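For reference, the structure discussed in these notes is given below.
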Amino acid sequence: MARTILILMDTLNRHFLKAYDAAARGITPNIDAFSKDSVQFQHHYIGSAPCMPARRDILTGRLQFLEKGWGGMEPFDRSLPSVLREKGVFTHITTDHSHYFEIGGENYCQLFDTWDFHRGQEVDPWVSRVNRPMVAPEVYGRKHAQEILNRSVYEKEEASYPTPSTFRSACRWAQENKGGDDFFLMVESFDPHEPFVTPEEYLALL
């Protein structure tokens, strides 16, 4: 019997977590509480970077660095989700990481039995407008017209942001599958990641 939940948060900096430093500035009460009943690792060395090469490292156990550039899974890759499926373990991923769905980032979510994608991060080609907004290059974080369009939809309320939607989806999946055995749930959050979009109330805490 296996019940496994893997949570990945892109670019999360341990120096902002009180779990590693009581004086850290990060406000993360849930991570703080979870860490009290967890094993903490003090040293970790990255194999490949950035996002997609690192994901291939994690899911295949092989280092992508020097072998190939930024990109998706290869047809010959033997991955964790595929091995688990062969062993009868049900696999599901919920994510707002749009790079999984770009050309060159294929074959990640398709490895799972089921997947759930929450739209709107960064330049995800989601909100469609023929007339694109003007981009002011001096405004930090608003680098692309597509990003401005996406924000125009989800910035209206915090619950609509892609990352909260992803975690609510994970909680909903866990509730709907309560009592189930032999599953692997992967929860992948693009945030925290530049351009670090956040509601104003959290910026006010700085």
Point to revise | region 178-200 - residue that is over 17 Å from Glu122 (Cα atoms) and in contact (Cβ under 8 Å) with a residue 40 or more places away in the chain and, of those, surrounded by the most Cβ atoms within 10 Å (Cβ to Cβ) | key: Met186
Exercise for review: Of the numbered conditions (1) of a type in the set (Asp, Glu); (2) modelled with pLDDT under 90; (3) more than 24 Å from Ile5 (Cα to Cα), Glu158 fails exactly one; give the number of that condition.
Suggested key: (2)
**Study point:** Index of the failed condition, Phe65 passing every other in (1) over 22 Å from Leu185 (Cβ atoms); (2) modelled with pLDDT of 90 or more
**Key:** (2)
**Study point:** The listed residue being farther than 22 Å from Ile5 by Cβ and without any contact (Cβ under 8 Å) to a residue 60 or more places away in the chain, out of Arg62, Arg56
**Key:** Arg62
Check your understanding: Hey, any hits in region 110-117 for a residue that's hydrophobic (A, V, I, L, M, F, W, C), farther than 26 Å from Gln64 by Cβ and in contact with a helix residue (DSSP H, G or I) (Cβ under 8 Å, 6 or more places away or on another chain)?
Key -> no
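Residue-by-condition table, conditions (1) on the phi < 0 side of the Ramachandran plot; (2) of a type in the set (D, E, K, R):
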| residue | (1), (2) |
| --- | --- |
| Glu122 | no, yes |
| Lys156 | yes, yes |
| Ala174 | yes, no |
| Asp181 | yes, yes |
Practice item. Residue by residue through region 1-41, note down the ones that are surrounded by 11 or more Cβ atoms within 10 Å (Cβ to Cβ), β-branched (Val, Ile, Thr) and either touching a strand residue (DSSP E or B) at 6+ places or on another chain (Cβ under 7 Å) or within 29 Å of Lys178 (Cβ to Cβ) (or both). Key: Thr4, Ile5, Ile7, Thr28, Ile31
**Study point:** Of the criteria (1) in a helix (DSSP H, G or I); (2) of a type outside the set (Val, Ile, Thr); (3) surrounded by fewer than 13 Cβ atoms within 10 Å (Cβ to Cβ), which one Ser165 fails
**Key:** (3)
Exercise for review: Report the residue count in region 167-181 for those that are modelled with pLDDT of 95 or more and within 22 Å of Leu59 (Cα to Cα).
Suggested key: 5
Exercise for review: For Ile58, state whether it is assigned to a strand (DSSP E or B) and either of a type in the set (A, V, I, L, M) or exposed (fewer than 11 other Cβ atoms within 10 Å of the Cβ) (or both).
Suggested key: no
Review point. Which members of region 30-67 meet the condition of being on the phi > 0 side of the Ramachandran plot and within 20 Å of the chain's Cα centre (by Cα)?
Key: Gly61
Study note, to complete from the structure: Residues in region 82-132 that are surrounded by 15 or more Cβ atoms within 10 Å (Cβ to Cβ), closer than 24 Å to Asn150 by Cβ and basic (Lys, Arg) total 1
**Study point:** Candidate set: region 104-141, residues that are polar (S, T, N, Q) and not in a loop (DSSP other than H, G, I, E, B); chosen: the one modelled with the highest pLDDT
**Key:** Thr114
Review point. Within region 79-86, can one find any residue that is part of a helix (DSSP H, G or I), of a type in the set (Lys, Arg) and closer than 30 Å to Trp126 by Cβ?
Key: yes
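The values are calculated or read from the model by the stated rules, or taken from the named source; none is laboratory data. What you see is a predicted model, and the numbers here were worked out from it, not measured in a lab. When we count neighbours, we look across all protein chains shown, and the Cβ atoms used for this are built from the backbone with ideal geometry, even at glycine.
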